[in-house]
Amino acid sequence: MKHFNNFIYNLGGADYNVIQHSTNDTKKQYRNLGWSVILCSIIALISGADFTHQYTSSVPITIAGALLFGTLVFSFDYFLINSNSTSTFFKLLRIPVAVANVLLGTLALMVMLTQSKIDNKILLENT
């Protein structure tokens, strides 16, 4: 369990040995940051898979697209959280990226959930 907590705190930008001497509120903030990186990456994996699947039915290519998009979002989030930059630009940049990730993920999930209805409608119109 210690290794998993260490991993979560590192994703959130804190050193596990240092964070142990912090208040519970500070621990909670860094833990939430770590979980947000993980959850955004999972949404990006799903979105990447769905985007790729719209253009090909090849499973290896779909997996590669999911991993690529998930890795890009993970890297970007991890960089912004763990950079030592105190620039307001970098802090504010995370907001539109997060909104774009959520919107793209939501659109991808909605299309995935309604794909059979869309396919049936297209088939019906073609016949």
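Some observations on this one:
- Under 23 Å from the Cα of K27 - lysines, other chains or at least 8 residues apart: K2, K91
- Heavy-atom surface of the chain, accessible at 1.4 Å and reported per residue (Å²): 69 Å²
- Among I63, I19, I81, residue whose mean-square fluctuation peaks in a GNM of the chain (springs only between Cα atoms under 10 Å): I19
- The simple Förster model, with R0 at 30 Å and r as the Cβ-Cβ distance, assigns I95 and W35 a FRET efficiency of 0.95.
- Label of the coordinate-derived value, semi-axes √(5λ) of the Cα gyration tensor in Å, listed as (i) 25, 17, 14; (ii) 22, 19, 13; (iii) 37, 15, 13: (iii)
- Cα lying deepest toward the dipole's positive end in the chain, options L103, Y16, S116, charges on Cβ: Y16
The values are calculated or read from the model by the stated rules, or taken from the named source; none is laboratory data. Owing to the predicted nature of the structure, the values given are computational and were not obtained by experimental measurement. As a convention, Cβ positions derive from the backbone with ideal geometry for all residues, glycine included, and neighbour counts pool all protein chains shown. The area values use the complete protein model at the heavy-atom level, side chains included, leaving out ligands, DNA and RNA. Shrake-Rupley method; radii C 1.70, N 1.55, O 1.52, S 1.80 Å.
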